[in-house]
Amino acid sequence: MIIKELKILRQHGIQYVPDLKTAVLTPLFRGRPVIKEDPTDQETEKIKKLCPSNAITTEDGFGIDIGKCVFCKECALAYPDKIAFTNDYKIASNDKNNLIVRKGDSEIKFNENIVRPEVRKLFKNALKLRQVSAGGDNSCEFELYAAGNVNFDMGRYGIEFVASPRHADGIVITGPITENMSEALQICWDASPGPKVLILVGTDAISGGMFADSHAVNRKFLEKYPVDLYVPGNPAHPLTFINGVLRLIGK
Amino acid sequence: MKEIIFIIITFSALGIFTLPKRSQYYQMLVTQIFLIVVTGYLMYLSFNRIGPLQIYLFELIGNDVSLVIDSLSAFFIFVINITILTGALYSKGYLKPYLRDKTRLEMAWHYFNFLLLHISMLMVVMLREGISFLVFWELMSVAAFFLIIFESDKQENKDAGIKFLIQMHVAFYFIITAFIICSIATGQNIGFDSLEQYFKTYPSFPVFLLFFIGFGIKAGFIPLHTWLIHAHPAAPSHISGIMSGVIIKMGIYGIVRVLTYIHSDLMPIGVFILIISIISGIFGVAIAIVQHDYKKLLAYHSIENIGIIGIGIGIGVMGLAINNPVLASLGFAGGLLHVLNHALFKSLLFYTAGSIYQQTHTRNIENLGGLMKKMPATAVLFLLGAAAISGLPPFNGFISEFLIYTGLFKSLMVSDSILSVTLLAGIVALAVIGGLAVFCFTKIFSIIFLGTVRSDKTRHSHEVRSSMLFPKFIIGILIIAIGVMPFLMLRPMAFVAGVIVDDTSSLRDMAGTMSGISLSLSLLIVFIGILLLIKLKLSKVRHTDIGPTWGCAYTGSDPALHQYSATSYAEYIIMKARLLVGVKKHFRYLTKEKIFPSETYFKTESSDVFDDNLISRPVGGLLSFMEKIAVFQTGNIQHYLLYAIVFVIVITIISIFGII
């Protein structure tokens, strides 16, 4: 009997990702976009029409805001010689401006200067988070759940999701923050003891995504409090989330 | 000297009626302190001598009536005085809201009965002569009756008071019957002295059973407890505390006093007391768990603690029977020390319950919640009482239960197998009672003090005035003192147990163990103190946020409704003890009506199977039978004349035929 179990174990092999920082994802993964060449004005107009979530910006030249991008790849399919999506998953940043990808960018930059010193000091070795699904569609929630499973096991860095905001050092928001969840989110934020971090996961949370203009969305909460980390992706990959948090806490 | 004391007490007691409302209380308090000083002096005298202290009072129908104070009496005097004193101090603040509505006479009558209760209880533990003992025993019940029905404008309080009075009279008849049997059989006067002679020559068990029922009704052993669960909640809280603290202990005093005269049939008596006590303890706490009325819950805990005291006494008697001084002295000392301990923490709990009632005007714990923020001192004192009653160190309940446990474990090894099984039952029962008590008090404390407010009743509550907190702090200090320095209690308890057990050396042998307990508990307290200091220091430096209790950010309706309720917390025990506690659920099933279901309700009520089957059902049956007979009482004069004519005719016919 035990031999059978051992066989299964051997068959499954090592399940966990040995190194979360250097793991390479499948080329099919839609990660950081690259702009090989700026599109012409005519093309830009076409791309803008293609984009379902207004992720294309033309201020200071052509750029893709991955805080708004839903990673549908429509633009890359239409102009494969101008835009491509790589499998680079390290796309989390603490500065919203760094989320805009322009020609020649080879990584999403992380602004070390604006990290609050107490975040590095207090949460480096242990960070307990409370997740609030503020109108989320469960895709990001599933990925965050996966971040704690045997494969990704963010617990190895002392990062963990807890059941009550009373035990939490920070709040992780997914979803576009609907009107119905805005008050609950506020209560949850108030119930969590300071100092605390605020992390937005997924395009919906960062910009509202597809629902940015909906009247059922109330994003006033985000105007009140500074956001410590943006984790783009639709949904965000567990590795994106874990690497983003690790950079935030300086590990 | 004694005449002067009696005159002073009589005049100052009657003087209450002449005073205005505001100063009546002080008159009562001063008289009580006078009584406490006098009896305290007598207590001091009796502890410093060998053999009881005797003071001749007067002659009653040819009998000499004297105060006889041995260490058992002295111990009970101490318990009475300490509870009455704290109760009287507490009553000042508790009765303040009533001063406006009650008349001068009503208040005076209450204070007078308070004094009368004090005097009669003191006399009960000091008198040995039968008639005077019984007179004061009755006076005690009557005074307690008037104290219970203080809020007599509520019908339920009057009912509870009358229930109490009737059951006390039933108890009285059992006691007087037992006394008369002893008196007739021995030819001596009615009194405890006749018991010595009687128990030497006749079988002890039947007469002991009469005494046990009589005193046991007072003490509240199951199934004789049914008055207690109605009277305790009905009485004002300072009286509830005194009732639970000392009045029911008078029953224990009676039983122990009778036991001092018994030297035969000890084994069946011991086993009998033990079994009744185990039943009382376990049933008492199990029924307590399902209660919603916090005063009723505390009343059931009184039954539970009477059970613990009874277990101590029961194993003490068994120890006497098998000539095992370790079991006997530890059992009696543990049981009697629990009398003092229970008087302390139960009066503390009732006084805090009274403070909650004064602030919220509800006794239903489902309406309370979140009181810890509004009444922090009351909450801490309640927690202290709850920890003590659950038998947790470093509080006094632990010490008395520890003595009983020690006696049981020490005798387990030396006794034969059948006795070992009985002792093992005692150990298991004590453990079960302790566990369930902890469960029960986590329930009541968390529902009343933690969480958020459940109804409007608690919104305007605030901490009670300091005159109501002060006596509770005194009790709290005593509770911790006995818990931390138990070795101080060993010598007095050896004296007290010495009344009934000859060899109490095993109690003195406990000194080492007690010092060990004392040391480790002191270290624990110091450790907790250091932690608290660190916390205090840190919270001064760091920023503190105060926010509402976390309710899962629920905003749909009143989040308080989604907290654990008392019923849901106790659901497991309710399921297990369904037969015993008789919980009934009333609710309407939801049917398919529309998209959204219409309003529904859910209500639970619990009843006491003993109360239902022993009191309510027989009395109800009798009443309905009487109501059927009452159809004859029409109020019509013609009908009554008809009855008279029928009666005359029937009598005539009967006498004609020569039947009578």
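The values are calculated or read from the model by the stated rules, or taken from the named source; none is laboratory data. Bear in mind the structure is a predicted one, so any value in this text is a computation, not a measurement. Please note: Cβ atoms are built from the backbone with ideal geometry, for glycine as well, and neighbour counts cover all protein chains shown. SASA here: full protein model, heavy atoms, side chains in, ligands and nucleic acids out. Shrake-Rupley method; radii C 1.70, N 1.55, O 1.52, S 1.80 Å.
Taken together, the residues in the stretch B:292-322 that are open to solvent by less than 10 Å² (accessible area, probe 1.4 Å), within 17 Å of the chain's Cα centre (by Cα) and not aliphatic (A, V, I, L, M) amount to 10. Count of the stretch B:406-441 residues, restricted to those that are in contact (Cβ under 8 Å) with a residue 60 or more places away in the chain and open to solvent by 10 Å² or more (accessible area, probe 1.4 Å), is 9.
B:Thr352 fulfils the conditions (1) at pLDDT 90 or above; (2) touching a strand residue (DSSP E or B) at 6+ places or on another chain (Cβ under 9 Å); (3) among the β-branched types (Val, Ile, Thr) except for a single criterion, (2).
Residues in the stretch A:36-88 that are outside any helix (DSSP H, G or I), among the small types (Gly, Ala, Ser) and open to solvent by 30 Å² or more (accessible area, probe 1.4 Å): A:Gly61 only.
Every condition in (1) modelled with pLDDT of 90 or more; (2) over 21 Å from B:Gly331 (Cα atoms); (3) touching a Lys or Arg at 6+ places or on another chain (Cβ under 7 Å); (4) of a type outside the set (A, V, I, L, M, F, W, C) is met by B:Asp293 except one, and the failing one is (1). You will find that of B:Leu561, B:Leu536, the residue that is at pLDDT 85 or above and aliphatic (A, V, I, L, M) is B:Leu536 and no other. None of B:Ala160, B:Ala178 is under 26 Å from B:Asp101 (Cα atoms), in a helix (DSSP H, G or I) and open to solvent by less than 40 Å² (accessible area, probe 1.4 Å) except B:Ala160. For the stretch A:185-215, filtered to residues that are more than 13 Å from chain B (Cβ to nearest Cβ) and among the hydroxyl-bearing types (Ser, Thr, Tyr), the residue that is nearest to A:Tyr16 (Cα to Cα) is A:Thr203.
Condition first: within 14 Å of another protein chain (Cβ to nearest Cβ) and either within 23 Å of A:Pro232 (Cα to Cα) or within 22 Å of the chain's Cα centre (by Cα) (or both). Now tell me which residues in the stretch A:167-179 satisfy that. Passing the criteria: A:Ala168, A:Ile171, A:Ile173, A:Ile177, A:Thr178, A:Glu179.
Show me the helices (runs of 4 or more DSSP H) entirely contained within the stretch B:495-597 in which 1 or more residues are more than 14 Å from chain A (Cβ to nearest Cβ) and open to solvent by 80 Å² or more (accessible area, probe 1.4 Å). Can you show your working first?
Details: elements: B:505-509, B:511-541, B:566-569, B:571-576, B:578-581.
Filter on the stretch B:495-597 gives B:505-509, B:511-541, B:571-576, B:578-581.
With respect to the conditions (1) touching a Leu at 6+ places or on another chain (Cβ under 8 Å); (2) farther than 23 Å from B:Val290 by Cβ, B:Val609 falls short on a single one, namely (2). Test B:Ile222 against the stated conditions and say whether it is within 20 Å of B:Val79 (Cα to Cα) and of a type in the set (Val, Ile, Thr). No. Here are some residues: A:Ser164, A:Ser182. Which one is small (Gly, Ala, Ser), within 14 Å of chain B (Cβ to nearest Cβ) and exposed (fewer than 14 other Cβ atoms within 10 Å of the Cβ)? So the residue among A:Ser164, A:Ser182 that is small (Gly, Ala, Ser), within 14 Å of chain B (Cβ to nearest Cβ) and exposed (fewer than 14 other Cβ atoms within 10 Å of the Cβ) is A:Ser164.
The residues of the stretch A:125-177 include none that are without any contact (Cβ under 8 Å) to a residue 40 or more places away in the chain, under 18 Å from A:Leu248 (Cα atoms) and hydroxyl-bearing (Ser, Thr, Tyr).
Going through (1) within 19 Å of the chain's Cα centre (by Cα); (2) acidic (Asp, Glu); (3) not in a loop (DSSP other than H, G, I, E, B) one by one, A:Glu118 falls short only on (1). So, B:Leu344, is that one over 25 Å from the mean Cα position of the chain (by Cα) and either assigned to a helix (DSSP H, G or I) or buried (at least 24 other Cβ atoms within 10 Å of the Cβ) (or both) or not? Judged against the criteria, B:Leu344 is not a match.
Could you list, in sequence order, all residues of the stretch B:598-624 that are in contact (Cβ under 8 Å) with a residue 24 or more places away in the chain and either of a type outside the set (S, T, N, Q) or part of a helix (DSSP H, G or I) (or both)? Result: B:Asp608, B:Val609, B:Phe610, B:Asp611, B:Asp612, B:Leu614, B:Ile615.
Could you tell me how many of the residues in the stretch A:121-149 are open to solvent by 30 Å² or more (accessible area, probe 1.4 Å) and over 18 Å from the mean Cα position of the chain (by Cα)? Total meeting the criteria: 5. The residues of the stretch B:598-622 that are open to solvent by 100 Å² or more (accessible area, probe 1.4 Å) and under 30 Å from B:Ile282 (Cβ atoms), listed by number, are B:Phe602, B:Lys603, B:Arg617.
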